[in-house]
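Following: one structure in structure tokens, then a few remarks.
The values are calculated or read from the model by the stated rules, or taken from the named source; none is laboratory data. None of the values given here were measured: they were computed from a predicted structure. Cβ placement follows ideal geometry from the backbone for every residue including glycine, while neighbour counts extend to all protein chains displayed.
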Amino acid sequence: MALLPAVLAAGVLLTGCDGVRSRDARDPSTPSGFAVPRWLVLKFDEVNARSGPSEDNRVLWTYRTRGLPVQVVAETKEWRRICDPDGGLVWVQKGQVDGHRNVMRAKAAPLELRRAPKAGAPVAAYLKARSLAELGGCKAGWCKVKSQGVSGWAPAGELWGVAEQAQCRGGGRPYPAPSPP
């Protein structure tokens, strides 16, 4: 039992959830057919973040965290505009993201994971600040997460990667999608 808190405190990077795909509804008005906004993860260890939806746009930075949860807030046929945990709003190629579901503890303090989805339940483990975990599902404001074989329940509001509303605001109107050829 004493090992459980140390296991999650390590904050190991995980690449996805087994069998938990995006719960987003189909949307025939989007190029992908999935609703926007929706949650995905970065698929590779290095993903270029661009200022617009083409390789002609400059690279603003390179993400170096496979499995990082990002929220798609706009899309074209080949590109996804994503919001990251630090508020970055950029474009990535659609092949650079995946439908697995991870969450992140974006706040600076560790998060208590409970044995049951209620505030008074015993603590099962701790999720270290800026750590990723697999998302097992959410109900009644609580989400079940898992890291290194240890799982627990956390309040949904304490995790980056579960909110239904758009998490980044573009500071005005969104980047316009390119016109079809």
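So residue 131 clears everything in (1) over 18 Å from the mean Cα position of the chain (by Cα); (2) in contact (Cβ under 8 Å) with a residue 60 or more places away in the chain; (3) surrounded by fewer than 23 Cβ atoms within 10 Å (Cβ to Cβ) except one condition, right? Which one?
Status for residue 131: all satisfied but (1).
Would you pick out the residues in segment 67-97 that are of a type in the set (Asp, Glu) and more than 10 Å from the chain's Cα centre (by Cα)? Step through it out loud before you land on a result.
Within segment 67-97, the subset of a type in the set (Asp, Glu) is 75, 78, 84, 86.
Answer for segment 67-97, where residues must be of a type in the set (Asp, Glu) and more than 10 Å from the chain's Cα centre (by Cα): 75, 78, 86.
Taking into account only those residues within segment 122-134 that are among the small types (Gly, Ala, Ser) and part of a strand (DSSP E or B), which is farthest from residue 103 (Cα to Cα)?
Residue satisfying both the conditions and the ranking: 124.
Residue 58: surrounded by 19 or more Cβ atoms within 10 Å (Cβ to Cβ), at pLDDT 95 or above, more than 12 Å from the chain's Cα centre (by Cα) and not small (Gly, Ala, Ser), yes or no?
The answer is no for residue 58.
Quick test of your reading of the structure: residue 71 fulfils all but one of (1) in contact (Cβ under 8 Å) with a residue 24 or more places away in the chain; (2) outside any strand (DSSP E or B). Name the failing condition by number.
Going through (1) in contact (Cβ under 8 Å) with a residue 24 or more places away in the chain; (2) outside any strand (DSSP E or B) one by one, residue 71 breaks only (2).
Given the conditions (1) assigned by TED's automatic domain parsing to the domain that holds residue 53; (2) over 20 Å from residue 42 (Cβ atoms); (3) of a type in the set (S, T, N, Q), which single one is not true for residue 93?
Unmet for residue 93, out of (1) assigned by TED's automatic domain parsing to the domain that holds residue 53; (2) over 20 Å from residue 42 (Cβ atoms); (3) of a type in the set (S, T, N, Q): (2).
Tell me which residues, restricted to segment 135-150, are farther than 16 Å from residue 106 by Cβ and either in contact with a strand residue (DSSP E or B) (Cβ under 6 Å, 6 or more places away or on another chain) or part of a helix (DSSP H, G or I) (or both).
136, 137, 142, 144, 146, 150
What pairs come out if I take residues in segment 81-102 that are more than 13 Å from residue 160 (Cα to Cα) and free of Cβ contacts under 8 Å to residues at least 60 places away in the same chain and pair them with residues that are of a type outside the set (Ser, Thr, Tyr) and outside any strand (DSSP E or B) whose C-beta lies under 6 Å away, six or more apart or interchain?
Note: pairs meeting the criteria are 96/43; 97/43.
Being of a type outside the set (Val, Ile, Thr), without any contact (Cβ under 8 Å) to a residue 24 or more places away in the chain and part of a loop (DSSP other than H, G, I, E, B) narrows it down to one of 109, 166, so name that one.
So the residue among 109, 166 that is of a type outside the set (Val, Ile, Thr), without any contact (Cβ under 8 Å) to a residue 24 or more places away in the chain and part of a loop (DSSP other than H, G, I, E, B) is 109.
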